[in-house]
1. Determine if region 195-204 includes at least one residue that is within 13 Å of the ligand (Cβ to nearest atom), touching a residue at least 12 places away in the same chain (Cβ under 8 Å) and out of contact with any Lys or Arg (no Cβ under 6 Å at 6 or more places or on another chain).
2. Looking at region 99-120, which of its residues are basic (Lys, Arg) and in contact with a Pro (Cβ under 9 Å, 6 or more places away or on another chain)?
3. Mind checking which residues of region 171-204 are within 27 Å of Val9 (Cα to Cα), small (Gly, Ala, Ser) and surrounded by fewer than 18 Cβ atoms within 10 Å (Cβ to Cβ)?
4. So which strands (runs of 3 or more DSSP E) stay within region 28-109 end to end and still have 2 or more residues that are surrounded by fewer than 17 Cβ atoms within 10 Å (Cβ to Cβ) and more than 16 Å from the ligand (Cβ to nearest atom)?
5. Could you pull out the residue among Ser187, Ser172 that is free of Cβ contacts under 8 Å to residues at least 12 places away in the same chain and closer than 28 Å to Ser288 by Cα?
6. Among the residues of region 110-120, which ones are open to solvent by 10 Å² or more (accessible area, probe 1.4 Å) and among the aromatic types (Phe, Trp, Tyr)?
7. Search region 269-283 for residues that are of a type in the set (Gly, Ala, Ser) and pair each with any residue that is at pLDDT below 95 when their beta-carbon atoms are under 7 Å apart and the residues are at least 6 apart or on different chains.
8. Kindly evaluate Ser338 against the criterion of being among the hydroxyl-bearing types (Ser, Thr, Tyr) and under 19 Å from the mean Cα position of the chain (by Cα).
Amino acid sequence: MAEKAENTVKTDILIVGGGMAGCSLACALAGAGFEIVIIDRLDQSSQTEDTFDGRASAIAEASKKMLDQIGMWRHLGQNYTPILDIRVADGDSRLFLHYNHEDIGEKALGFMVENRHFRRAVFTRLRELEKARYLAPAQLEDIARGPEGVKARLIDGRQIEAALVVGADGRSSQIREEANIKLTQWSYHQTGIVLSVDHEIPHHNVAHEHFLPAGPFAILPLSGPNGDNTRSSIVWTEKDELVEGIMAMSDQDFAAEFEQRFGDFLGAATFIGPRWTYPLTLQYAETSVAERLVLVGDSSHGMHPIAGQGLNMGLRDVAALAEVLIDARRLGLDIGTSHVLDDYEQWRRFDNTLMLAMTDGLNRLFSNDIAPIKLVRDIGLAAVNKAGPLKKVFMQHAMGATGNLPRLLKGEAL
Ligand SMILES: Cc1cc2nc3c(=O)[nH]c(=O)nc-3n(C[C@H](O)[C@H](O)[C@H](O)COP(=O)(O)OP(=O)(O)OC[C@H]3O[C@@H](n4cnc5c(N)ncnc54)[C@H](O)[C@@H]3O)c2cc1C
């Protein structure tokens, strides 16, 4: 990385947004020899505090292969929990869907990783990479893109010159707005209440998704501090108008509401730490490329967490973009030109649109209590459960093993 004038840094790629997608991209690219500057408005220590983000993410098997390849996974240590089975039930119906890792001969269907552990591991990996430089807290004052390159000025006066800027700055992306990329969005009028619980009976690494009229209630397996399997992460989807009241309840009243949904199959539950809320919306950018600019992760597509796929889609963006840029460099091409970036756009557009449509459709189909719809979907769940080949297709999709996979997602080096 060359320091030009005292406060100007010249680099190959500027990544704006050091969240899980942006940092994974920085690891992939810096590991392959690109000079990277990554900026975030928040410093790393505030992003890894236990109170910053209460979520845990279901990481698909293919995403795990990529995180392994880019050198991040080993820094998780023991901080991940395999998902062996997934059980999907529709309210009180006796018809259900059961995915089992043994049906497809895999060791696990995916892995639960708490976001704070993901961030800590990816930051540790970044610190090992000489070619990656993380600047935070840092924010853009302005940015100019043109045929010759990108010039960014930070609020503190520092300047960064690069061949390409990547917007990994989440749902309210400044980079997307600066480029006037049109955004389509709608609210589900639902909020995800997120919390962790310890329970008396072990979860045996099974993830449960119960479809309730207000939305899905997910019980996702975590490991407790001693590695025991009696801790779970909860995503309780509720109608927006009820959430304020629920969050303001006394512990006793909250526990009573919670138990109605959680049931008793895992025994009594004890709440761990605070409760968080996340408003649930769908949004997608009209395009994820512009002159010398690319969007990855939530800045390009934000989806309902019903299938636990938002971050996985962001990591698929990362794998595809890294491959396109590395191949372009091998051919001696300018990495910021439109025909290089268009390859990325074409590769990712269909997959992202399909997942947005699937998560949107699932939420609409299941988040209601209309009797004829409930009957049809329950028969559908039971039919998929019995149909071996179809069930396998769904499982492979959830594991991220379908479609035209970039090399990193197959566990191959770039
Ligand atoms: C309740 C819930 C459960 C979920 N569960 C799952 C799951 O199980 N599996 C899964 O795959 N996905 C899941 N998701 C989705 C997943 O959390 C997101 O897709 C993922 O966090 C997006 O990561 P990102 O890095 O793209 O964006 P963000 O996490 O939003 O990161 C953006 C980064 O950019 C920084 N930033 C923003 N603006 C600027 C700026 N102007 N300048 C500098 N920096 C900036 C921010 O500080 C942040 O660090 C879930 C989502 C919710 C709401």
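The values are calculated or read from the model by the stated rules, or taken from the named source; none is laboratory data. Owing to the predicted nature of the structure, the values given are computational and were not obtained by experimental measurement. Cβ atoms come from the backbone with ideal geometry, glycine included; neighbour counts cover every protein chain shown. What goes into the accessible areas is simple: the full protein's heavy atoms, side chains included, and nothing from ligands, DNA or RNA. Shrake-Rupley method; radii C 1.70, N 1.55, O 1.52, S 1.80 Å.
1. yes
2. Lys107
3. Ser172
4. The strands (runs of 3 or more DSSP E) meeting that bar are 96-100.
5. On the way: Ser187 fails: free of Cβ contacts under 8 Å to residues at least 12 places away in the same chain.
Result: Ser172 is the single residue among Ser187, Ser172 that is free of Cβ contacts under 8 Å to residues at least 12 places away in the same chain and closer than 28 Å to Ser288 by Cα.
6. Taking region 110-120 and keeping what is open to solvent by 10 Å² or more (accessible area, probe 1.4 Å), we get 111, 114, 116-117, 119-120.
Result: Phe111, single match.
7. Once the first residue is of a type in the set (Gly, Ala, Ser) and sits in region 269-283, its partners that are at pLDDT below 95 give Gly273/Asp50; Gly273/Gly54.
8. Working: among the hydroxyl-bearing types (Ser, Thr, Tyr): yes; under 19 Å from the mean Cα position of the chain (by Cα): no.
No, not satisfied.
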